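This report refers to the structure that appears directly beneath it.
No value in this document is a laboratory result; all are computed from the given coordinates. A quick note: this is a predicted structure, and the numbers were derived from the prediction, not measured. Note that each Cβ is placed from the backbone with ideal geometry, even for glycine, and that neighbours are counted across all protein chains shown.
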Amino acid sequence: MEPGLTTHVSDGTATVTISNTGKRNAMTVQMWRDLPPLLARLAADRAVRSLVLTGAGGTFCAGADIASLRGTAQESQGLAVAAEEALAAFPKPTLAAIRGYCVGGGAQLAAACDLRFAEEGALFGVTPAKLAVVYPASATRRLVRLVGLSSAKYLLFSGELIDCARALRTGLVDEVLAEGELGKRVAEFSAVLASRSLLTQTAAKELANGTWDVPPDEAEERSAHWAAEARASGDTAEGAAAFLQRRPPRFTWPAE
């Protein structure tokens with residue numbers, strides 16, 4: 001089977017699967033190139049309420065397919081950064097479902113997701129020091145925000161792999177599931193996301209990700225924008241009515 005990215009949409013969740021099973025789902029140059037337009041299509045699809053990124057078989061992604069990078073290392077890093085940034089900018093909730101190895105470029109992709117659920121036995125590593133590669137500034141900044149300065153330095157300086165328990169302690173993963181339970185838990189959580197306000201989720205994601213890098217006044221302006229959008233959509237009133245009537249809300253944002 002040729003390496004590539006496959007997509008399946010069901011019950012509001014788009015599942016994107018990294019498939020290069022002969023090489024632990026390492027990302028080829030073409031796969032890096034294909035990810036941003038794929039994400040753009042899914043972002044525009046009204047049927048998609050959230051996105052799950054996972055790997056085929058028993059592993060998530062072991063990084064970049066080194067054989068495909070020969071002679072194109074600089075270009076490939078640029079493509080990887082563009083793919084990672086496209087994933088981080090995806091406007092709807094994203095979740096990495098991780099089994100096995102989550103290393104190098106795979107760890108970058110996982111960190112670019114909003115949340116990470118991992119199966120027991122998964123291993124995580126940030127490995128540029130093993131290859132004398134300078135980790136991209138955007139990926140470094142994201143890693144520091146996610147796990148803190150000391151843990152980020154440990155991962156970057158050593159290139160050592162860490163297990164699920166340590167990943168959970170540092171904040172690199174949000175939940176660790178017993179073997180065989182990951183798929184069920186991801187499906188359950190995706191259903192929860194689909195039942196909530198997409199407007200709230202989209203606003204919260206923008207504000208949580210953006211307030212680090214903008215002046216406070218600009219952040220307040222964006223918060224006010226989203227509050228006005230919520231009122232105009234009618235979803236705020238619907239949420240309150242559903243709560244009082246003890247029924248599931250029927251949110252309609254974004255409108256047709």
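Computed FRET efficiency, Cβ-Cβ of Leu168 and Arg222, R0 35 Å: what is it to the nearest 0.05?
On the way: r = 32 Å, r/R0 = 0.90.
After rounding, the FRET efficiency stands at 0.65.
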*Put a dot 7 Å past each Cα toward the Cβ at Ala47 and Arg145; how far apart are the dots in nm?*
3.2
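Arrange the peptides 49-62, 21-34 so that the one whose residues have, on average, the most other Cβ atoms within 10 Å appears first.
Per-residue mean Cβ counts within 10 Å order the peptides as 49-62, 21-34.
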*Mind jotting down the distance between the C-alpha centroids of segment 146-214 and segment 224-256, whole Å?*
27
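Do any of Lys153/Lys205; Lys184/Lys205; Lys130/Lys205 go past 30 Å between their Cα atoms, and which?
Numbers: Lys153/Lys205 26 Å; Lys184/Lys205 25 Å; Lys130/Lys205 33 Å.
Lys130/Lys205, as the Cα separations exceed 30 Å there.
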*asked:* Order 131-139, 214-222 from most to least packed using the mean count of other Cβ atoms within 10 Å.
replied: 131-139, 214-222
*Would you mind checking the tilt of helix 73-88 against the longest principal axis of the Cα atoms of the chain, expressed as 0 to 90 degrees and rounded to 10?*
20
*Any chance you could give the angle, 0 to 90 degrees and rounded to 10, that helix 149-158 forms with the longest Cα principal axis of the chain?*
30
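Express the relative contact order of the chain as a whole percentage, based on alpha carbon pairs under 8 Å and six or more residues apart in sequence.
Working: 420 pairs, mean separation 38.0, N = 256.
Relative contact order for the chain comes out at 15 percent.
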*Mind pulling the angle between the C-alpha long axis of helix 29-44 and the longest principal axis of the chain? Nearest 10 degrees, somewhere in 0 to 90.*
0
*Which order, highest average first, do 111-123, 163-175, 141-153 follow once you tally other Cβ atoms within 10 Å for each residue and take the mean per peptide?*
111-123, 163-175, 141-153
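Can you give the net charge of the other residues whose Cβ lies under 11 Å from the Cβ of Tyr101, counting K and R as +1 and D and E as -1?
Numbers: positive: Lys23, Arg24, Arg99; negative: none.
Neighbourhood net charge equals +3.
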*asked:* Given R₀ = 45 Å, what would the calculated FRET efficiency be for Met1 paired with Ala241, taking r from the Cβ atoms and rounding to 0.05?
replied: 0.35
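Give, as a single signed number, the net charge of other residues whose beta carbon lies under 15 Å from the beta carbon of Cys61, with Lys and Arg counted +1 and Asp and Glu -1. Intermediate results must be reported in sequence, preceding the final value.
Working: positive: Lys23, Arg24, Arg99, Arg116; negative: Asp34, Asp65, Glu84, Glu119.
Net of charged neighbours comes to 0.
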_Other-chain or far-sequence residues with amide H under 5 Å of Leu123's (modelled H)_ = Gly100, Tyr101, Cys102
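Which FRET efficiency value, to the nearest 0.05, is calculated for Ala204 and Glu181 with the Förster distance at 25 angstrom and r the Cβ-Cβ distance? All intermediate terms of the calculation are to be shown ahead of the outcome.
Working: r = 27 Å, r/R0 = 1.08.
So the FRET efficiency works out to roughly 0.40.
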